Amino acid sequence: MVRFVINHKTRIIMKTKVQFLIPIATLLLLVTGCDKDNNDSIPNPVHDVYVVGAEMINGGVNVAKLWKNGVSQDLTDGTNNAIGRSVFVSGNDVYVAGDENNGSNWVAKLWKNGIVQDLTDGTNNATARSVYVSGNEVYVAGRERSTSTSQWVAKLWKNGIPQDLTNGSNQAESYSVFVSGNDVYAVGQERIGSKDVAKLWKNGVAQNLTDGINHAKAKSVYVSGNDVYIVGQEHNGSVHVAKLWRNGVPQDLTDGTNNAEALSVYVFGNDVYVAVNEYINNSNKARLWKNGEIIQHLSGFPSTAYSIYVTENDVYVVGQESNGYTTFKAMLWKNGVPQILSSSSISARSESIFVVQSN
């Protein structure tokens, strides 16, 4: 996926990354549904919008950030590079998954109402990419480097207890987690032979989404009813094509003219929304797709769309945008209308969004 690089652009989402969260006050929220697949219609609702990401401060350190309704809070103190990668609101609790450098390695982290929990001990590099809360269970997807093999291991933490999704013999990573009923879905990729194979793990059991002929990655998963939607990318021999898999059946979202990737999927009712990034005229461009077609060109500038959230009346996308090639702003697009979240003149990005009904 295209990633965020301070001097250039990236991910949207994924790359050599400059990985980029301390306490925030307890947030009291009234939520109409902490499940991402709650599509009940609410007349004229007012929403609180939570976004997480990172912003560079003077000195070149990335501080993990939380924006609530556009107002920023620092999640880390700026001593070390850090980033907030995923946010989930459940009842009165705000969860953020991300990572922070300890001076030597990246440590996978989970913040609950500003109280930090280390998911890894800092001995090996690790990343927490996605958080999902179901009842009393908190799931985090990510990766950690194996001590014995030095390969990245795809990981899933449940209430802080790690589960290896891969055995460490191949490079692997988990990017996204979603819970539906008693089933836990995680997606990512594993290097098999010389190629990255897009993977789905359901309750820890792996399924290959691609055949390993070309490189592929699965970046986001959403479950609606009996249908499992996954987005990512697959190389066609020439360029990367943005992909959507529905119950394992692939659909090309881009025509293979330009490199592209899909980083986020959200299903609302009968509509499937996908954040797609396509490399056009020497820069990445953020796009919003609905039911297989582009409905919004979010920016004409170099940009990346990382995450989508849909409510009964509004479609929210977060990411980053630059009007040049060295400085990026953390962005929120609501129904295509841009809002700059970051104040820094250096670089910032927003990676994840969660929306709830406010009081």
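What follows draws every value from the coordinates through simple rules; no lab data is involved. Every value quoted in this text rests on a predicted model; they were computed, and no experiment measured them. Every residue, glycine among them, receives a Cβ derived from its backbone with ideal geometry; neighbour counts consider all protein chains shown.
When each of the peptides 88-96, 248-256 is scored by how many other beta carbons lie within 10 Å of its residues on average, the order from highest to lowest is 88-96, 248-256.
Just list whichever of Lys202/Lys334; Lys65/Lys109; Lys290/Lys334 have alpha carbons separated by over 24 Å in the model shown. Don't skip to the end; give the middle numbers.
Working: Lys202/Lys334 32 Å; Lys65/Lys109 14 Å; Lys290/Lys334 15 Å.
Table pairs above 24 Å Cα-Cα are Lys202/Lys334.
Mean shadow of the chain, computed from the convex hull of its alpha carbons, in nm²? Working shown, then result.
Working: hull surface 64.2 nm².
Over every viewing direction, the Cα hull of the chain projects on average to 16.1 nm².
The residues neighbouring Trp111, those whose beta-carbon lies less than 15 Å from its own, together hold a net charge of -1 under the Lys/Arg +1, Asp/Glu -1 convention.
If you place +1 on the Cβ of every Lys and Arg, -1 on the Cβ of every Asp and Glu, and leave all else neutral, what size is the dipole of the chain about its Cα centre, to the nearest 20 Debye?
Details: 30 positive and 32 negative charges, 141 e Å.
Result for the chain is approximately 680 debye, rounded to the nearest 20.
Here is the size of the range 102-174 from its Cα atoms: Rg then Dmax, 12.0, 36 Å.
Packing, taken as the mean count of other beta carbons within 10 Å per residue, orders the peptides 226-236, 57-67, 206-216 from highest to lowest as 226-236, 57-67, 206-216.
Taking the alpha carbon gyration tensor of the range 191-301, multiplying each eigenvalue by 5 and rooting it gives semi-axes of 22, 19, 10 Å, largest first.
Can you figure out the FRET efficiency of Asp77 with Ser150, using R₀ = 35 Å and their beta-carbon distance, to the nearest 0.05?
Numbers: r = 31 Å, r/R0 = 0.88.
Taking R0 as 35 Å, the efficiency between Asp77 and Ser150 is 0.70.
Grab the Cα-Cα distance for Asn214 and Ser283, subtract it from 0.36 nm times how many residues apart they are, and report the gain in nm with one decimal.
On the way: separation 69, 0.36 × 69 = 24.84 nm, distance 2.35 nm.
Fully extending the segment from Asn214 to Ser283 adds 22.5 nm.
Work out the FRET efficiency for Ile115 and Gln357 from their Cβ-Cβ distance, taking R0 = 25 Å, and round it to the nearest 0.05.
Working: r = 25 Å, r/R0 = 0.99.
Plugging the Cβ-Cβ distance into 1/(1 + (r/R0)^6) gives 0.50.
With the simple spin-label model, which puts each label point 7 Å out from Cα in the Cβ direction, the Thr257 to Gln163 separation comes to 4.3 nm.
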